[in-house]
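To start, the structure under review is shown below, and the notes come after it.
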């Protein structure tokens, strides 16, 4: 769902960037006020896992693929503020280093995937938990609902930006984006629930009150870090090459040709998650190296940003 250069007009891109900046500023303020310094590495670990997971496109239906957004998962683990910071770090790296998402559309991608998706996930998760009650089952159900709703919300926001740019009519793009991402959202929900279920199965005390909140979050982050490494090495090289939801809609509705390739690929050092120096001799090794570099860099960006924010908070506030 990463919007490339050329899909949005200047006014829409600028408006989205301003809104994204406001959402990020609010999240940074929340992190600065609420996040203890000892939790700073968790944001980096979450960002690294999301980056690795987003490298893996899975087939959905009718020649379409999808990939985990991860906003709901990180929101459940760390809260909406840290989720916005982690997702923004991922999107920034994807655009500048891998040409995944346009530079001119970076504000829109941050708004959709790093601000709207975590915000919707947090609201839906809290609402379903309140209605369903406490316990492991309600937590998983709430996380699944949050993942599905956040995916759909981000897709509809993307559709609205495309329509506002005049690239495709509202009445055409909204149902098209909504329909395909309803299906992708189901996969997002299942993956989110599975990740959380694995953590809970490995550590049943996580939801039984035997560990502190800090211990629960550290355990979850550790599992996410291990899973992220495994994804980059063993799964990412075999990701589906079929177009994702946005690409599929763009091809079907005839506006795929608007995508501009003049900025990101020429600027990014590792376009398409590959190391050009290796050529086509080893796709697996090229993907693993690019993914490994990206995972380390995105961890560093998220960790540094969170560390810079919390360094000035007096210890007594933790």
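Read the figures in this text as sums done on the coordinates, not as results from a lab. Note that the structure is predicted; figures quoted are calculated from it, not measured. Positions of Cβ are generated from backbone atoms using ideal geometry, with glycine treated the same way; all protein chains shown enter the neighbour counts.
Listed highest first by mean packing, meaning other Cβ atoms within 10 Å per residue, what order do 110-116, 121-127 come in? Display every interim value, and only then the final one.
Values: 110-116: 27.0, 121-127: 20.4.
Taking the mean over residues of other Cβ atoms within 10 Å, the ranking is 110-116, 121-127.
Ordered by the number of other Cβ atoms lying within 10 Å of each residue's own Cβ, fewest first, 2, 258 fall into the sequence 258, 2.
Taking 7 Å steps out from each Cα toward its Cβ at residue 304 and residue 134 produces label points 4.2 nm apart.
Summary of packing: across the peptides 299-307, 99-107, 22-30, the per-residue average of other C-beta atoms within 10 Å ranks them, highest first, as 99-107, 299-307, 22-30.
For the pair residue 58 and residue 182, the difference between a 0.36 nm per residue extended length and the Cα-Cα distance amounts to 43.2 nm.
Please give the direction-averaged projected area of the C-alpha convex hull for the range 96-190, in square nanometres with one decimal.
7.1 nm²
Set the Förster distance to 45 Å, then compute FRET efficiency between residue 127 and residue 252 from the Cβ-Cβ distance, nearest 0.05.
Values: r = 34 Å, r/R0 = 0.75.
For R0 = 45 Å, the calculated efficiency reads 0.85.
Rounded if a/c is under 1.5, else prolate if a/b is larger than b/c, else oblate: which is the range 12-59, with a ≥ b ≥ c the root eigenvalues of its Cα gyration tensor? Each step should come with its number before you reach the end.
Numbers: a/c = 4.25, a/b = 1.03, b/c = 4.13.
Taking the square roots of the gyration eigenvalues as a ≥ b ≥ c, the range 12-59 is oblate.
Computed from label points 7 Å out along Cα-Cβ, the spacing between residue 242 and residue 197 is 2.3 nm.
Counting neighbouring Cβ atoms within 10 Å and putting the fewest first, the residues 1, 242 line up as 242, 1.
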